[in-house]
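Every number in this text was worked out from the coordinates using simple rules, so none of it is lab data. A quick note: this is a predicted structure, and the numbers were derived from the prediction, not measured. Heads up, the Cβs are rebuilt from the backbone with ideal geometry, glycines too, and the neighbour counts pull from every protein chain shown.
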Amino acid sequence: MTNPYICPGCLKPYERTPANFFKRTRSADGLESRCKTCRSAYFRAQYQADREKRHSANRRWRKAHPDRLKVYSRRWYAKCKLKRLARILERET
Ligand SMILES: [Zn+2]
């Protein structure tokens, strides 16, 4: 390994190649500063955090608008019922 690059995330030495680093056009050498392992872990954490945020926003909305939620679920149920009715009618004709 010539001139090993130390990943600032895990502090392990890596060869500075696209095999170990994701591409990043904006950086000086066209590669991410952190190794693929660190980058994937970061993306996963980010995704996880986003999901949590979405969930809690959803929960907040449900709590704030229980009446609208009722309307939505009723509408959804009605749609299902209609679909089922249509299927039954189709079968009988
Ligand atoms: Zn790393």
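Per-residue answers, yes or no, for (1) within 16 Å of the ligand (Cβ to nearest atom); (2) under 25 Å from the mean Cα position of the chain (by Cα); (3) of a type in the set (A, V, I, L, M):
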position: 21; (1), (2), (3): yes, yes, no
position: 33; (1), (2), (3): yes, yes, no
position: 36; (1), (2), (3): yes, yes, no
position: 65; (1), (2), (3): no, no, no
position: 74; (1), (2), (3): no, no, no
position: 80; (1), (2), (3): no, no, no
position: 88; (1), (2), (3): no, no, yes
position: 92; (1), (2), (3): no, no, no
Residues of the stretch 31-64 satisfying the condition of being basic (Lys, Arg) and touching a Gly at 6+ places or on another chain (Cβ under 9 Å): 34, 39
Meets criteria (hydrophobic (A, V, I, L, M, F, W, C) and closer than 30 Å to residue 9 by Cα) for residue 86: no
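Residues are listed down the side, and each one gets a yes or a no for (1) touching a Cys at 6+ places or on another chain (Cβ under 6 Å); (2) surrounded by 15 or more Cβ atoms within 10 Å (Cβ to Cβ); (3) not in a helix (DSSP H, G or I):
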position: 10; (1), (2), (3): yes, no, yes
position: 29; (1), (2), (3): no, no, yes
position: 34; (1), (2), (3): yes, yes, yes
position: 44; (1), (2), (3): no, no, no
